[in-house]
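Read the structure below first, then the notes.
The values are calculated or read from the model by the stated rules, or taken from the named source; none is laboratory data. What you see is a predicted model; the values in this text were computed from it and never measured. Neighbour counts run over all protein chains shown; Cβ positions are idealised from the backbone, glycine included.
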Amino acid sequence: MSTMSDAKDETPPMLPLSVPCLQGREWEYVKECLDTGWVSSVGAFVDRFEREIATVAGTNHAVATVNATAALHTGLLVAGVQRDDEVVVSTLTFVASANAIRHAQAWPVFIDSEPKHWQIDPDLGDEFLTGHCRWQNGALWNRQTGRRVSAIMPVHVLGHPCDMDALLDLAQRFDLKVIEDSAEGLGAKYKGSPVGCLGDIGCFSFNGNKLITTGGGGMLVTNDSDLARRARHLTTQAKSDPSEYIHDQVGYNYRMTNVLAALGCAQLEQLPMFVDARRKLADKYSSQLASVPGIVPLSVSENAFCTHWLYTVRVIANECGMDRQTLQTELSAGGIQTRPLWQPMHRSPAHGDAYTMLSGVADRLYDECLSLPSSFQTTSEEQIRVVQQISDRIQGSNGTQAA
Ligand SMILES: *Cc1c(COP(=O)(O)O)cnc(C)c1O
């Protein structure tokens, strides 16, 4: 009963930015939940998914949550972040990192990005902690705001790890808890160690557009059994008696259901394949785009195993004669979906009143960056079409041929 006009069929289908790939044992595992009635927040798949994510993350413990925002919120609370504390975080991130800090009734301090790998700039972090804060009564205080600084939240943006040695050094010197926002970083490694296991707590996202998905879901990982126990407690309404309904604090209903964990287990079986495909796609994009003037990919650190969650380039307007927004619009007209990075948090109407340490890098990356189609299903032909269209549209490249 299609009522579509035939004219519509002339445009080829939009090449999507990123779509999930659900071609493993997802149906089988979900069916098992439905057949056995284990659909809710306890069940064998929740236990298994937690165990397996802990293995991937290189941690002793994992606690499954409804999403990564909830995991980050919980992580901040169990790490000891108090009301009106400040948490150091990258200004270039998805809004959920900053929101989680506000959910914990704390305040973000937005630190700009370093220009090479686009992650939080440890030197600016150092400048803030050294130059803008002071020690008193065994705690570190922001001299301007009078607030205690208690934690740092490195965000591994786009699946590229932050400079963790420098950040862990800051954390140690200034006695900060480290909550890694690894939402985009599943499978990524820093000097051979998975992201998420380097700080006190790490958090992953299984949202629809992430590397693996449960539709919506998250995970808190840690090596600290006490933190894990308290996170599990807090995310299950802080129920303190196995049979009686007694709750010893105000908890949260943040637990992942068995149905979603079943999806997660099936997805996780495909993770190495997904990571490998993303990295190969990134290699191809980078080598083919090398001849296009003004298109500059993320430069990967020698310490990084980068998953290229979304393959992203800078569009340098005065070199390619076109700004990012125009290129985005033109690619969209040509049936290719792309997207910008996030408005830096210090510009966000939701978070505009926070303390900041800025260099202008995040603003520039926001202006310039465009993420290109990066699905597991993106074929070589599609990927070459993206490169060809970019190269065709950029003034002065004169139709540079894709390799
Ligand atoms: C996706 C994402 C989140 C939030 O994940 P949800 O599971 O959607 O809550 C947090 N931080 C970053 C950096 C993200 O990309």
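Summary table below
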| quantity | calculated |
| --- | --- |
| Residues of segment 82-132 classified as of a type outside the set (S, T, N, Q) and either without any contact (Cβ under 8 Å) to a residue 40 or more places away in the chain or outside any loop (DSSP other than H, G, I, E, B) (or both), total | 28 |
| Condition met for residue 222 (within 18 Å of residue 80 (Cα to Cα), surrounded by 15 or more Cβ atoms within 10 Å (Cβ to Cβ) and touching an Asp or Glu at 6+ places or on another chain (Cβ under 7 Å)) | yes |
| Residue in segment 141-152 that is aliphatic (A, V, I, L, M), surrounded by 24 or more Cβ atoms within 10 Å (Cβ to Cβ), closer than 25 Å to residue 70 by Cβ and away from the ligand (no atom under 16 Å from the Cβ) present | yes |
| 1 or more residues small (Gly, Ala, Ser) and more than 21 Å from residue 98 (Cβ to Cβ): qualifying strands (runs of 3 or more DSSP E) within segment 137-210 | 139-142 |
| Check on residue 239, farther than 15 Å from residue 57 by Cα, basic (Lys, Arg) and buried (at least 19 other Cβ atoms within 10 Å of the Cβ) | no |
| Qualifying residue in segment 197-211 (condition: of a type in the set (Ser, Thr, Tyr), touching a Cys at 6+ places or on another chain (Cβ under 8 Å) and modelled with pLDDT of 95 or more) | no |
| Strands (runs of 3 or more DSSP E) wholly inside segment 301-393 that include at least 3 residues being touching an Asp or Glu at 6+ places or on another chain (Cβ under 9 Å) | 312-315, 355-357 |
| Residues (under 17 Å from the mean Cα position of the chain (by Cα) and surrounded by fewer than 24 Cβ atoms within 10 Å (Cβ to Cβ)) located in segment 74-95 | 94, 95 |
| Options 186, 170, 158, 176; residue that is within 21 Å of residue 278 (Cβ to Cβ), more than 10 Å from the ligand (Cβ to nearest atom) and in contact (Cβ under 8 Å) with a residue 40 or more places away in the chain | 186 |
| Per-region count, segment 230-251, residues out of contact with any strand residue (DSSP E or B) (no Cβ under 8 Å at 6 or more places or on another chain) and either charged (D, E, K, R) or touching a residue at least 60 places away in the same chain (Cβ under 8 Å) (or both) | 5 |
| Boolean, residue 181 is touching a Cys at 6+ places or on another chain (Cβ under 8 Å) and either more than 15 Å from the ligand (Cβ to nearest atom) or touching a residue at least 40 places away in the same chain (Cβ under 8 Å) (or both) | yes |
| Selection within segment 195-218 - surrounded by 24 or more Cβ atoms within 10 Å (Cβ to Cβ) and more than 12 Å from the ligand (Cβ to nearest atom) | 196, 198, 199, 201 |
